[in-house]
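Peer 1: Here it is, the structure in full.
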Amino acid sequence: MIVSQNPNAEAVSHRGWVKGSHFIITISFLVLTVSGYVILMSHPRLYWGKAGNDLTPALFELPISRNYHHNGWDKSISFKHLNGGQVTAARTYDIFNQNGWGRSTHFLAAWFLVITGIVYLLAGFITGHFRFNLSPRRGELRLKLLWRDFISHFRMQPHTPGKYGLLQRVTYISVIFFLFPVVILTGFTMSPAITASCPFLLKIFFGHQSARTIHFFAAILLLLFLVVHLVMIARSGFKKNIWKITFGR
Amino acid sequence: MRKTKLISRRQAIFAGITSAGALLLSGCLKKAPPTYGNILRMGDDLTYIAQRGLLSQRALAPEYQKNEITSFPVTDIGDPADPASKKTYNKVYQQLQSDGFKNYALTVEGSVARPGKYAMADLKKLAQRTQITRHTCEEGWSAIAEWTGVPLSAVLKDAGILQTARFVSFYGFDGYAESIDMLDAFHPQTILAHTMNGEGLPARNGAPLRLRVETQIGYKNVKFIQRIVVSDKFVDAADDIKGGWSWYTGI
């Protein structure tokens, strides 16, 4: 049977701490996205490796501010004692830069995300939320089953009401235990003070600029997750689901 | 199903702790720089307290190999030797530069037993350190270079820094300024650099003397240093905070 909506299916009920942390993390994530975009606008070039700047080659550059491909550079001066062709040059272009509030807003929201995230992780393990509601059952982690679940999403066949589906659980687990840790740790890797104490961060993410690029792509994946998450909520009864995750019982 | 209350007590506690905690923590500790009642600055203070409390304060920033040195952009506010640069032009500096900085002397004053001036030769007689480190700009780029200079700690000790001292401010000829706390001031990699990649600082890279603080973001590294002021109280040397920028930039 193909149904376009399933208004009678029971939505998943959430515990108080799940709702509370979900709310704070959602707000923090939105603030981090906006401020992260503003920060990226002042240097929309991404690199791979230990260091990268306007005078070194980029992986790619995003056309998201007037800083895109600006050529406002004074003449290059080379160093006598270096033979790798390294130069120094002064910028003559007035760049877009709103990092004063952009950075501080980003880190303030990051504090809310990290502290709430830690509380959420602890509560998730202690209450068995991860074990009972989120981890896939034994023998379920098979491509065939995942594919079937994936297809059934397009056919709008609802899974067991009141519970998370297989694909849903695998996605939530990946977001909680992979994407968020990666985006937070790559954020740490960009900090000179943190990497002085924890130099292994620079090793596991291949350097400062690689960490920045991974941070960018992890954020893109999280945004993609948010979009799909919202589409799924809309298709399975937007009002009911939003009520359930915020103030509903 | 399970719940009867609209908002549970637990939910309220979680929300309360996470939001209030971030704001209160910074306000309660006396060692933090002033917050000016600004919520963003409170977040910066929380970062400052957490990084000072949780990280090793003597750990060295990573140092690199000579073949990892990269090109190095100059993105400061302007050239102090250029009369066309209204914001940064300094006649004294222009005169010093035209003489090849042979009359240059660094002023050290404030909470020190022996305030005075250090000519470049005096500075070079103190301990010297060479390091290949990464400059991390708030804009998002980074660059690796080799710096040689005198550790700030050597200068402060030579000037007889007083026990009451808590902050060190740096004033550049270009009108730019910054201040750091004692932990960063006495960090072994915090140096007053006079040499970059084996040659005297190129004009726009801060000649004749610039700061290197390797545990903070790039904008702490004052160029064209004219004087150093040691103080017992917090000084927002160039109105970073008023201008909307974080004073502490370990992240």
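Peer 1: Can you compute the charge dipole magnitude of the protein assembly as shown about its Cα centre, using +1 on each Lys and Arg Cβ and -1 on each Asp and Glu Cβ, nothing else charged? Give it in debye, rounded to the nearest 20. Walk me through the numbers before you get to the answer.
Peer 2: On the way: 56 positive and 31 negative charges, 498 e Å.
Charge dipole, the protein assembly as shown, about its Cα centre: 2400 debye, nearest 20.
Peer 1: Under the rule of at least 5 residues apart or a separate chain, name every residue whose amide H is placed under 5 Å from the amide H of B:V74.
Peer 2: A:A89, A:A90, A:R91
Peer 1: Each residue of the stretch A:80-95 in turn: what ³J(HN,Hα) in whole Hz from Karplus with 6.51, -1.76, 1.60 and θ = phi - 60°, glycine and Pro shown as x?
Peer 2: 4, 8, 10, 10, x, x, 5, 10, 10, 8, 9, 7, 10, 9, 7, 7
Peer 1: Separate question: Quick check on chain B: of the DSSP beta bridges with both residues there, what percent are antiparallel, nearest 5%? Numbers along the way, then the final one.
Peer 2: Details: 34 of 38 bridges.
Within chain B, antiparallel bridges account for around 90 percent of the total.
Peer 1: Still on this structure, I have one more. Find the relative contact order for chain A and round it to a whole percent, using C-alpha pairs within less than 8 Å whose residues are 6+ positions apart.
Peer 2: On the way: 264 pairs, mean separation 74.5, N = 249.
Once normalised by length, the contact order is 30 percent.
Peer 1: Cross-link partners among aspartates and glutamates for B:K242, C-alpha distance below 15 Å, same-chain residues fewer than 8 apart left out?
Peer 2: Once the sequence-local aspartates and glutamates are set aside, what remains near B:K242 is B:D44, B:D45, B:E178.
Peer 1: Where a ≥ b ≥ c are the square roots of the eigenvalues of the C-alpha gyration tensor, would you call the protein assembly as shown rounded, which needs a/c under 1.5, or, failing that, prolate if a/b is larger than b/c, or oblate? Could the numbers behind the result be given before it?
Peer 2: Numbers: a/c = 2.69, a/b = 2.00, b/c = 1.35.
The shape class here is prolate.
Peer 1: For chain A, find the longest principal axis of its Cα atoms and tell me its angle to the long axis of helix A:208-235, 0 to 90°, nearest 10.
Peer 2: Taking Cα atoms only, the helix is inclined about 30 degrees.
Peer 1: What number, rounded to the nearest 500 deg cm²/dmol, is the helix-based mean residue ellipticity at 222 nm of chain A, given -39500 (n - 2.57) per DSSP H run of at least four residues and division by all its residues?
Peer 2: Details: 9 runs with 134 residues, N = 249.
Calculated at 222 nm, the ellipticity per residue is -17500 deg cm²/dmol.
Peer 1: Still on this structure, please answer the following. Where the centre of each part is set by its Cα atoms, how far does the stretch B:130-178 sit from the stretch A:173-231, in angstrom?
Peer 2: Using only Cα atoms to place each centre, the spacing works out to 30 Å.
Peer 1: In degrees, nearest 10, range 0 to 90: what is the angle between the Cα axis of helix A:180-189 and the longest Cα principal axis of chain A?
Peer 2: That helix lies at roughly 20 degrees to the long axis.
Peer 1: Oh, and also: Out of B:T75, B:T190, B:T88, any idea which swings most in a Gaussian network model of chain B, alpha carbons joined below 10 Å?
Peer 2: Largest GNM mean-square fluctuation: B:T75.
Peer 1: In addition: Only loop residues by DSSP count here, and only those with at most 13 other Cβ atoms within 10 Å; note down the trypsin sites (Lys or Arg not before Pro) in the stretch B:196-246 that meet that.
Peer 2: In loop regions of the stretch B:196-246 (DSSP not H, G, I, E or B), the sparsely surrounded trypsin sites (Lys or Arg not before Pro) are B:K233, B:K242.
Peer 1: Let me ask something additional. Just tell me which lysines come within less than 28 Å, Cα to Cα, of A:K163; anything on the same chain fewer than 8 places away is out.
Peer 2: Cα-Cα hits under 28 Å: A:K19, A:K144, A:K239, A:K240, A:K244, B:K3, B:K5.
Peer 1: Distance check, please: which entries in B:K66/B:K102; B:K86/B:K157; A:K203/B:K117 exceed 32 angstrom between their Cα atoms? Kindly include the intermediate steps, with their values, before the conclusion.
Peer 2: Working: B:K66/B:K102 30 Å; B:K86/B:K157 37 Å; A:K203/B:K117 43 Å.
From B:K66/B:K102; B:K86/B:K157; A:K203/B:K117, over 32 Å: B:K86/B:K157; A:K203/B:K117.
Peer 1: With an 8 Å Cα cut-off and a minimum separation of 6 or more residues, compute the relative contact order for chain B in percent. It would help to have the intermediate numbers written out before the result.
Peer 2: Values: 445 pairs, mean separation 48.2, N = 251.
Result for chain B is 19 percent.
Peer 1: Right, here's the next one. May I ask for the angle, rounded to the nearest 10°, between helix A:99-127 and the longest principal axis of chain A, with both axes built from Cα atoms and the value confined to 0 to 90°?
Peer 2: Tilt of helix A:99-127: around 40 degrees.
Peer 1: Related question: Mind running the shape call on the stretch B:61-231? Use the C-alpha gyration tensor, a ≥ b ≥ c as the square roots of the eigenvalues: rounded below 1.5 for a/c, prolate if a/b tops b/c, oblate otherwise. Mind dumping the intermediate values first?
Peer 2: Values: a/c = 1.44, a/b = 1.08, b/c = 1.33.
Rounded is the answer for the stretch B:61-231, as its axis ratio a/c remains below 1.5.
Peer 1: Could you tell me which of B:T136, B:G160, B:A61 has its Cα farthest along the dipole of the stretch B:61-231 towards the positive end, charges placed at Cβ (Lys, Arg +1; Asp, Glu -1), taken about the Cα centre?
Peer 2: B:G160
No lab work stands behind these numbers, since they all come straight from the coordinates. Being a predicted model, the structure only gives us computed values, none of them experimental. Note that we place each Cβ from the backbone using ideal geometry, even for glycine, and neighbour counts take in every protein chain shown.
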